[in-house]
């Protein structure tokens, strides 16, 4: 059976490839929020091999990599092939004040969740302010005591 050439189908296929290449940032969509004293980053990675997920931090850059293996059955005639395969990576610049050595990662139901704690030195803290007379009285009392 001969396949008929359809220029519109070919244009649609080529346009789809171009749009897919331009959507590379959308391949790994994410949500980021702060919950109390930590940040939660959820990254959609459906269909990736959990063993291929790599998360690392270097020079204040968080890098996430994952691999989705293409299906390679023999004697298959694809009618639609829209799910991209290959290696995906996303880099996120992170600011100071995070405990980058305490990041926790889980992968469940196609979602990678990173929990990034705020560093102790970056957490808000209350500084006690003493009244001027009490402070000077305390200094005077300490000065009157023998050393």
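The values are calculated or read from the model by the stated rules, or taken from the named source; none is laboratory data. Only a predicted model underlies this, so the values are computations on that prediction, with no experimental measurement involved. Every residue, glycine among them, receives a Cβ derived from its backbone with ideal geometry; neighbour counts consider all protein chains shown.
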Number of the exception - residue 46 against (1) at pLDDT below 80; (2) in a loop (DSSP other than H, G, I, E, B): (1)
Which condition number does residue 66 fail, the rest of (1) under 19 Å from residue 104 (Cα atoms); (2) loosely packed, with under 14 Cβ neighbours inside 10 Å; (3) at pLDDT 90 or above being met? (2)
Yes or no: residue 117 assigned to a loop (DSSP other than H, G, I, E, B) and in contact with a strand residue (DSSP E or B) (Cβ under 9 Å, 6 or more places away or on another chain)? no
Is the stretch 124-134 home to any residue that is out of contact with any helix residue (DSSP H, G or I) (no Cβ under 6 Å at 6 or more places or on another chain), in contact (Cβ under 8 Å) with a residue 12 or more places away in the chain and either more than 17 Å from residue 28 (Cβ to Cβ) or surrounded by 10 or more Cβ atoms within 10 Å (Cβ to Cβ) (or both)? no
